[in-house]
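The values are calculated or read from the model by the stated rules, or taken from the named source; none is laboratory data. Just so it is clear, the structure is predicted and the values come from calculations on it, not from any experiment. Cβ: placed from backbone, ideal geometry, glycine included. Neighbour counts: every protein chain shown. Protein only, heavy atoms only, side chains kept; ligands, DNA and RNA dropped before computing areas. Shrake-Rupley method; radii C 1.70, N 1.55, O 1.52, S 1.80 Å.
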Amino acid sequence: MNDTRNSASTQVRLTNTLAGLPWWLLIVTLAGLFMIYSFYTDKTYNSIFGFLKAGLIVTMRVTFISYAIAITLGLLTGLGRVSKNPIIYNVATLYVQVMRGLPILVTILYVSFVITPWLMAQINWVGVSLANINLLSPDNVLAKLGDRSAGLNVDFEVRAIAALSISYGAFSAEIFRAGIESIGRGQMEAARSLGMNYFQAMRHVILPQAIRRVLPPLGNDFIAMLKESSLVSVLGVQDITQLGRLYSASSFEYLKTYNMVALMYLIMTVILSLGVKITEKRLSTDGF
Amino acid sequence: MAFNIDNKDDKKESIIIIKNLDKHFGRVKAVNNVSLEIKTGQVVVIIGPSGSGKSTLLRCINYLETPSGGDIWVDGIHLTRKSKDINTVRREVGMVFQQFNLFPHLTVLENIILAQTVVRQRSQNEAVEMARKQLARVGIPEKANVYPEQLSGGQQQRVAIARALAMNPKVMLFDEPTSALDPEMIKEVLEVMLNLAKEGMTMVVVTHEMGFAKNAADRIIFMDGGSVIEDTIPSELFTDPKHSRTKMFLSKIL
């Protein structure tokens with residue numbers, strides 16, 4: 001009687017242990033290992049990887065730079081969203097609502113083909129005007145901006161980075177706002193009662209606490225940014241996705257090329273999401 | 001009211017002058033036409049049922065609540081919406097909260113140093129020295145390097161008092177400082193406050209601790225419905241309350 005009960009509970013424990021293991025990670029790792037094995041044994045995979053390597057650097061560059069600009073923009077906008085000044089609050093809210101309401105692909109196209117040319121035209125106008133009153137030579141940099149033959153065009157990678165930055169700036173602004181609002185009112189009151197002004201209280205009391213709380217969601221944003229960066233391929237920016245499209249279209253090796261493209265993204269995102277998980281755990285054991 | 005706010009000597013002696021103060025939250029009149037004068041060195045205890053406006057009145061003194069009407073002078077400075085004056089006054093007025101409100105990301109020592117360096121622009125060494133002095137004063141010098149969450153409620157509140165004292169305030173405001181504490185920790189906080197009172201600190205204390213009021217207060221104010229009902233010395237209020245509302249309140253709590 002006792003024996004059967006014991007073995008039954010052992011069985012339950014074993015089942016629970018088995019169910020608790022990260023099987024998904026094992027499957028991803030096995031798939032990855034299998035593919036790495038095939039890359040070494042399969043010449044096609046080998047040459048695909050050689051072709052896509054350059055795209056890896058572009059993808060990372062676009063992601064890192066856009067993300068750095070986005071969180072800076074997001075922090076400032078987040079502060080604007082909790083501001084009591086109605087002008088600052090409304091400017092910040094308008095920006096967030098507009099950018100969150102647009103598909104990122106549309107933002108990329110709009111920034112690249114509407115805003116950037118318009119800005120260049122304005123700068124051209126300034127350049128030409130200055131030349132007309134003889135302050136600058138007729139072929140000054142301002143007037144020639146956008147002229148492809150002069151090599152003065154705004155690179156499409158730069159336009160893509162601008163678009164991703166302002167898009168994700170709006171997303172991370174909401175993360176920062178939520179983080180700031182999650183800090184109890186008493187903290188601001190205590191800081192102010194000690195004579196600190198609003199900015200000192202923000203800088204020394206509220207933000208240090210808020211930023212710890214928003215690290216995990218900001219990490220998730222970074223992963224999302226990495227994936228979303230594939231959209232810049234529509235501009236012809238030669239990231240992993242764009243190079244994959246080029247390679248598959250010329251070689252007709254669709255299966256193997258997109259296997260490779262998918263795996264490259266997957267390895268990066270799985271590593272990053274493990275990193276986010278570890279940060280989350282460490283923060284939760286740290287308390288507050 | 002029997003005082004003249006234009007009299008300079010009067011202002012000098014009264015560190016806090018409140019004249020016809022109103023504070024409304026929507027239609028609720030939390031503070032209704034209150035006038036008070038508090039002299040340097042006085043220990044004033046404010047009692048009253050919950051919702052009587054005593055905390056709101058206290059929070060108006062350092063403008064954590066913006067008054068709806070009336071005037072406040074603290075240490076001769078007329079408080080208006082101007083943030084420069086508000087910050088100047090807050091520097092001179094320490095505040096202790098019911099929920100302690102220590103900064104959880106900083107150690108006890110850092111909690112006490114922060115405002116000294118940022119607001120008073122003291123050097124790090126000066127600030128540390130002052131912080132240690134104040135920690136000793138509230139009886140927990142050994143807790144300098146721990147984080148607030150590692151302390152008991154009573155210890156946290158004592159750190160909060162030390163943090164306020166490190167700014168060398170001219171007035172200390174206490175907003176129900178023992179209400180969030182377990183019973184066995186109330187005494188240690190009240191002792192610190194009692195010592196402060198003996199040292200001659202000007203204090204305005206909102207509390208339900210009648211023992212503290214009896215032992216330490218020079219003056220006791222009973223508030224109800226946003227108004228000052230009685231303003232007298234403790235022995236008189238406890239033995240011979242004049243107003244029926246005061247009598248009713250005291251009969252419930254004593």
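Quick rundown of the values:
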{"quantity": "Reduction of at least 40 Å² in accessible surface, 1.4 Å probe, comparing all protein chains with the chain by itself, residues of the stretch B:130-160", "calculated": "B:E149"}
{"quantity": "Among A:E228, A:E181, A:E189, residue whose mean-square fluctuation peaks in a GNM of chain A (springs only between Cα atoms under 10 Å)", "calculated": "A:E189"}
{"quantity": "Candidates A:F252, A:F39, A:F49, ranked by Gaussian network fluctuation over chain A, Cα under 10 Å, top entry", "calculated": "A:F252"}
{"quantity": "For the protein assembly as shown, share of DSSP beta bridges that run antiparallel, in % to the nearest 5", "calculated": "55"}
{"quantity": "222 nm mean residue ellipticity, helices alone, for chain A (DSSP H n ≥ 4; -39,500 (n - 2.57); rounded to 500)", "calculated": "-26500 deg cm²/dmol"}
{"quantity": "Projected label distance in nm at A:W125 and A:V270, using a 7 Å step from Cα toward the beta-carbon", "calculated": "5.3"}
{"quantity": "Protein accessible area in the stretch A:34-154, 1.4 Å probe - carbon and sulfur %", "calculated": "71"}
{"quantity": "Selected from B:S52, B:F25, B:T40, residue furthest toward positive end of dipole (the stretch B:1-122; charges at beta carbon)", "calculated": "B:F25"}
{"quantity": "Theoretical FRET efficiency, 1/(1+(r/R0)^6), r = Cβ-Cβ of B:D218 and B:H243, R0 22 Å, to 0.05", "calculated": "0.65"}
{"quantity": "Label-point gap, in nm, between A:K277 and A:L18 - each point 7 angstrom along Cα→Cβ", "calculated": "2.1"}
{"quantity": "Potential extension, A:A249-A:A224 segment - 0.36 nm per residue separation minus Cα distance", "calculated": "6.3 nm"}
{"quantity": "Amide H partners (placed H, <5 Å) of A:V154, local residues excluded", "calculated": "A:G146"}
{"quantity": "Estimated dipole of the protein assembly as shown in Debye, rounded to 20 [Cβ of Lys and Arg +1, of Asp and Glu -1, Cα centre]", "calculated": "400"}
{"quantity": "Listing of the stretch B:76-99 residues, each with accessible area lower by at least 50 Å² in the full protein assembly than in the chain alone (probe 1.4 Å)", "calculated": "B:N87, B:R90"}
{"quantity": "Accessible surface of the stretch B:57-189, 1.4 Å probe, proportion on carbon and sulfur as whole %", "calculated": "44"}
{"quantity": "Chain pair B, A: total accessible area buried, heavy atoms, 1.4 Å probe, Å²", "calculated": "1800"}
{"quantity": "Cα extents of the stretch A:204-273 along the three principal axes, largest first (Å)", "calculated": "58, 24, 10"}
{"quantity": "Accessible surface, per residue, of the protein assembly as shown when the full set of protein chains is kept, probe 1.4 Å, Å²", "calculated": "51"}
{"quantity": "Two-site label geometry, A:F113 and A:V141: point separation in nm, points 7 Å out along Cα→Cβ", "calculated": "3.0"}
{"quantity": "Directionally averaged shadow of the stretch A:28-280, computed from the convex hull of its alpha-carbon atoms, nm²", "calculated": "18.7"}
{"quantity": "Karplus-derived 3J(HN,Hα), 6.51/-1.76/1.60, for each residue of the stretch B:239-254, Hz, glycine and proline x", "calculated": "8, 9, x, 7, 9, 4, 5, 5, 4, 4, 4, 5, 5, 7, 9, 9"}
{"quantity": "Relative contact order, percent, chain B [alpha-carbon distance under 8 Å, six or more residues apart]", "calculated": "25"}
{"quantity": "Exercise: per-residue mean of other protein chain Cβ atoms within 10 Å, B:167-178", "calculated": "1"}
{"quantity": "Amide H within-cut-off set for B:L36, under 5 Å, with H built and near neighbours excluded", "calculated": "B:I18, B:K19, B:N20"}
{"quantity": "Protein-protein interface of the stretch A:204-241, residues with accessible area decrease of at least 10 Å², isolated chain reference, 1.4 Å probe", "calculated": "A:H204, A:V205, A:P208, A:Q209"}
{"quantity": "Choice from A:T17, A:T41, A:T116 with maximal GNM fluctuation in chain A (Cα, 10 Å cutoff)", "calculated": "A:T17"}
{"quantity": "Dipole of the stretch A:28-280 [Lys/Arg +1, Asp/Glu -1 at C-beta], most positive-end residue of A:F113, A:A191, A:S66", "calculated": "A:A191"}
{"quantity": "Chain B, helix-only ellipticity at 222 nm - DSSP H runs n ≥ 4, -39,500 (n - 2.57), divided by all residues, nearest 500", "calculated": "-11500 deg cm²/dmol"}
{"quantity": "Using a Förster distance of 35 Å, the FRET efficiency for A:R212-A:R100 (Cβ separation, nearest 0.05)", "calculated": "0.90"}
{"quantity": "Set of aspartates and glutamates with alpha-carbon distance to B:K133 below 16 Å, sequence-local pairs under 8 removed", "calculated": "B:E110, B:E142, B:E199"}
{"quantity": "19 Å Cα-Cα reach of B:K29 towards lysines, excluding residues that sit fewer than 8 places from it in its own chain", "calculated": "B:K19, B:K54"}
{"quantity": "Cβ-derived FRET efficiency at R0 35 Å, A:T29 paired with B:T117, nearest 0.05", "calculated": "0.10"}
